[in-house]
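Please read the structure below before turning to the comments.
The values are calculated or read from the model by the stated rules, or taken from the named source; none is laboratory data. All values derive from a computational prediction rather than experimental measurement. Cβ coordinates were reconstructed from backbone atoms using ideal geometry, including for glycine residues, and neighbour counts include every protein chain displayed.
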Amino acid sequence: MASIKILLYTHKTLGDGRHPLMMQLIHNRKTRRINLGYNLYKEEWDAKNMKVKGKSDLAIQVNAFLIKELDNANSQYINFKRLNQDFTLDELVDKIKKPNKVITFTEYCQELIQRMRNADRLGNADSYKWALNKIQNFAGKKNIQFQEINFKFLTKLQEDHLSNGNTINSLNVYLRAVRAIYNKAINEGVVAKDHYPFDKFKIKNERTQKRAISKGDIKKIVDLELIEDTELWHTRNYFLFSFYTIGMNWTDMAKLKVENIVDGRIIYKRTKTHKLYSIAINPQIEKILNCYANGKLRTDFIFPIIERPNNNEDTLKDIRNKLKTYNKYLKTLGIESKIDSKLTSYVSRHSWASIANFAGTQLGVISQGLGHSDLKTTQTYLAEFDNSDIDQANANIL
């Protein structure tokens with residue numbers, strides 16, 4: 001326990017016989033004193049009650065100041081303890097001299113969003129922005145304290161979201177961002193761990209319909225006759241390119257440049273995870289690349305998706321706007337190919353994983369190909385075997 005008290009430092013005597021008022025702090029057997037800027041005669045000081053004697057205007061003013069300073073010092077000490085932080089006496093003194101302004105959830109989010117933008121992590125910035133908007137809209141106000149986002153608040157938010165006909169998984173997009181923001185704030189000492197609401201409030205996912213299509217459906221897309229250089233033709237090329245490159249996602253396809261083609265391989269770093277990929281260019285990939293990369297400079301984008309590469313926010317808008325168009329035409333592509341499942345930009349990635357799984361590829365290999373950090377994530381990508389697959393497997397072991 002630290003010792004914090006106000007004393008009249010009689011070891012130092014000024015020319016007029018007065019002594020300085022000081023705050024004395026003792027922690028881990030070390031002592032520091034902070035000069036409080038007032039000087040008193042010994043007979044003016046009540047050492048037992050740590051206040052100036054009498055009821056003069058000066059005594060009232062100084063005593064109010066001392067109460068405020070002592071409260072601040074104790075608050076800073078308690079904050080260190082609540083955050084479970086090891087601290088030195090010098091760090092405590094610094095906090096007392098320059099106390100941190102209490103920062104709200106809203107203020108921290110806005111600061112974090114700007115930091116993400118400065119670091120070109122625009123996807124994270126938008127994710128935090130959407131989460132903040134969701135919380136503000138539900139709370140009905142702009143400035144929200146960390147302590148307000150508690151178990152009761154999140155439970156009511158969930159009930160309100162579901163009552164409007166929305167799914168639990170769509171809410172979880174926001175909740176995961178709120179949880180990430182809270183964790184960052186705790187790690188940075190902005191808020192105490194005991195305010196963390198996600199120890200009690202658990203984010204639960206609903207089981208969703210698998211997004212994968214079969215190898216036969218992929219062949220239907222390949223065999224579909226389309227007019228070259230139409231939106232539908234480009235859409236098929238993008239979809240198949242993603243499938244052939246182990247489910248490369250839309251953003252990484254958009255950012256792919258001619259210089260990423262090296263010695264018969266596509267080498268790129270995924271935007272989301274920064275994981276490095278190296279994929280062999282097979283005949284199917286080469287056929288698509290020949291439609292886009294021929295005659296371009298090494299620094300040119302392969303696909304005509306990004307139109308404004310010189311501004312990060314404009315680039316992100318290009319990627320998102322083209323993604324909307326892509327998903328729109330994917331729906332048409334699925335109908336034209338007579339595929340029962342709805343095609344989206346996620347389907348190629350899930351389909352690669354499921355078809356590889358049906359072909360007997362080890363789960364660990366599929367997981368590594370997708371860049372997952374755990375097998376549980378990979379399993380959510382895989383389509384379930386139907387009854388005929390299970391019957392055949394059973395027949396094989398009888």
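Before moving on, here are some points about what is shown:
- Residue in segment 275-291 that is surrounded by the fewest Cβ atoms within 10 Å (Cβ to Cβ), counting only those that are of a type in the set (A, V, I, L, M, F, W, C) and in a helix (DSSP H, G or I): 291
- Whichever residue in segment 272-313 is more than 26 Å from the chain's Cα centre (by Cα) and aromatic (Phe, Trp, Tyr) and, among such residues, is farthest from residue 235 (Cα to Cα): 301
- Residue 339 being surrounded by 13 or more Cβ atoms within 10 Å (Cβ to Cβ), modelled with pLDDT of 90 or more and not in a helix (DSSP H, G or I): yes
- When residues of segment 1-14 are limited to those that are modelled with pLDDT of 90 or more and in a loop (DSSP other than H, G, I, E, B), the one farthest from residue 39 (Cα to Cα): 11
- Of the residues contained in segment 248-266, one or more are found to be in a strand (DSSP E or B) and over 32 Å from the mean Cα position of the chain (by Cα).
- Of the criteria (1) outside the structural domain of residue 139 (by TED's automatic domain parsing); (2) assigned to a helix (DSSP H, G or I); (3) under 30 Å from residue 178 (Cβ atoms), which one residue 125 fails: (1)
- Identity of the residue in segment 36-61, modelled with pLDDT under 90 and under 19 Å from residue 13 (Cβ atoms), that ends up surrounded by the fewest Cβ atoms within 10 Å (Cβ to Cβ): 37
- Filter result for residue 76 (over 30 Å from residue 320 (Cβ atoms), surrounded by 12 or more Cβ atoms within 10 Å (Cβ to Cβ) and touching a Leu at 6+ places or on another chain (Cβ under 8 Å)): yes
- Scope segment 138-167; condition more than 22 Å from the chain's Cα centre (by Cα), more than 22 Å from residue 104 (Cα to Cα) and not in a helix (DSSP H, G or I); matching residues: 164, 165, 166
- None of 133, 164, 172 is surrounded by fewer than 18 Cβ atoms within 10 Å (Cβ to Cβ), out of contact with any helix residue (DSSP H, G or I) (no Cβ under 8 Å at 6 or more places or on another chain) and either more than 28 Å from residue 313 (Cβ to Cβ) or touching a residue at least 60 places away in the same chain (Cβ under 8 Å) (or both) except 164.
- Answer residue from segment 15-57, given it is touching a residue at least 24 places away in the same chain (Cβ under 8 Å) and not in a strand (DSSP E or B) and is nearest to residue 70 (Cα to Cα) among those: 50
- Of the listed requirements (1) free of Cβ contacts under 8 Å to residues at least 24 places away in the same chain; (2) of a type outside the set (Val, Ile, Thr); (3) crowded, with 17+ Cβ neighbours inside 10 Å; (4) part of a loop (DSSP other than H, G, I, E, B), residue 201 misses just one: (1).
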